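Read the structure below first, then the notes.
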Amino acid sequence: MASSYSLVFLHVLVIFSLARMAFADLSDDFYDDICPQALPTIRRVVEDAVRQERRMGASLLRLHFHDCFVNGCDASILLDQTATIDSEKTSRANNNSARGFEVIDRIKSEVDKVCGRPVVSCADILAVAARDSVVALHGPTWEVELGRRDSTTASRTTANNDIPTPLMDLPALIDNFKKQGLDEEDLVALSGGHTLGFAQCSTFRNRIYDETNNIDSTFASQRQANCPRSGGDSNLASLDPTPALFDSKYFSNLVSKKGLLHSDQALFSGGETDELVKTYSTNLRTFSKDFAESMIKMGNIKPLTGNEGQIRVDCRKVN
């Protein structure tokens, strides 16, 4: 009798666990029934923002990346500083650098209007906006897994510790990505997001003045013209020759020792990622496919689902 009861209990427990897992999974059709106009609305606002400023595509992509690397893809990066919120906006990687928050606010407002209520999370908005930004700049598309919920906390300390820095060498980058469940292929593919956008002088000054190995001397001199040894910290340089076009020139630059950031060039510096960089530099289709797959993988880092977290009414603050 006891063993029969235990068997039934175990069976119920297994069914409950499987149901919970199914409920907690993200899915690409999450909003199809509750708000079918959600995704087209996000795309419309993103396309408009990128049309107004091409650089915004890279900025929105970066927001999603910096969000996911800090306690998972939960929109914690969007929370403003309060007495109880240690905002990630003031972390080393984001302070005076992360941008696009007003676009996310606009998306949230438009989506909530078309849905009739706040049903789309800020975390999902970040994930979809990143995809739509890449597409707007002639990059690949992919099915974004949806159903994330928003965090009620943020951590500047974790942001400082977990967002990769532009000074990292290859072993540090590999370890950093491994901590997030991402492998070396993900590292190279996702770093290829630097085919879009710009970097501030303060992030590459050491490379263009102090590094002599693995940097093209003419390239270094050209960058020095707009990035003095002191001052001009926020002066911008493009991360590859075509900062508003998703292409493979970022990788061609690395092969030519013209990576802007130390962490970029680290991917092609005699280490285990050299071959993949070479492949991507001559094969945009392979890079695009791998980039899309790695974006899906990154978007699945520790999402809050089910009854975890909340759906924020205002992306900048906890309900």
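The values are calculated or read from the model by the stated rules, or taken from the named source; none is laboratory data. Since the structure is predicted, the reported quantities are computational estimates derived from the model, not experimental observations. For neighbour counting, all protein chains shown are included, and Cβ atoms are generated from backbone atoms with ideal geometry for every residue, glycine included. In case anyone asks, the SASA skips ligands and DNA or RNA and just uses the protein heavy atoms, side chains included. Shrake-Rupley method; radii C 1.70, N 1.55, O 1.52, S 1.80 Å.
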Under the Kirkwood approximation for Rh and a Cα-based Rg, what ratio Rg/Rh is obtained for region 166-223? 1.02
For the chain, the percent of accessible surface on carbon and sulfur atoms (probe 1.4 angstrom, ligands and nucleic acids excluded) is 52 percent
Apply the Debye scattering formula to region 204-298, with a single equal point scatterer on each alpha-carbon and no solvent, then give log10 I(q)/I(0) at q = 0.13, 0.24 Å⁻¹. -0.48, -1.25
Of all alpha-carbon pairs in the chain, indicate the percentage at a distance above 32 angstrom. 30 percent
Under a point-charge model restricted to the Cβ atoms of Lys and Arg (+1) and Asp and Glu (-1), what is the dipole moment magnitude of the chain relative to its Cα centre, in debye to the nearest 20? 760 debye
By its C-alpha gyration tensor, with a ≥ b ≥ c as the square roots of the eigenvalues, how is region 235-274 shaped: rounded for a/c under 1.5, else prolate for a/b larger than b/c, else oblate? oblate
Note on region 28-116: C-alpha Rg/Rh, Kirkwood Rh, two decimals, gives 0.99
Which loop trypsin sites (Lys or Arg not before Pro) in region 56-147, with loop taken from DSSP, have no more than 16 other Cβ atoms within 10 angstrom of their Cβ? 92, 99
With the dipole of the chain defined by +1 on each Lys or Arg Cβ and -1 on each Asp or Glu Cβ, the option from 245, 75, 208 whose Cα lies farthest towards the positive pole is 208
In debye to the nearest 20, the charge dipole size for region 137-247, taken about the Cα centre with +1 at each Lys and Arg Cβ and -1 at each Asp and Glu Cβ, equals 520 debye
What is the diffusion coefficient of region 124-222 in µm²/s, taking the Kirkwood radius over Cα pairs and the Stokes-Einstein relation at 25 °C with a viscosity of 0.890 mPa s? 149 µm²/s
Sorted by chain and number, the residues with a modelled amide H under 5 Å from that of residue 198, at a separation of 5 or more or across chains, are 239
For the chain, the longest site-free run once GluC sites (Glu not before Pro) in DSSP loop states with at most 16 other Cβ atoms within 10 Å are removed: 54-142
Under the rule rounded for a/c under 1.5, else prolate if a/b exceeds b/c, else oblate, using alpha carbon gyration tensor axes a ≥ b ≥ c, region 86-157 is classed as oblate
At 1.4 Å probe size, with every protein chain present, just tell me what the per residue accessible area of the chain comes to in Å². 47 Å²
Restricting to DSSP H runs of at least four residues, report the calculated mean residue ellipticity at 222 nm for the chain, -39500 (n - 2.57) per run over all residues, nearest 500 deg cm²/dmol. -15000 deg cm²/dmol
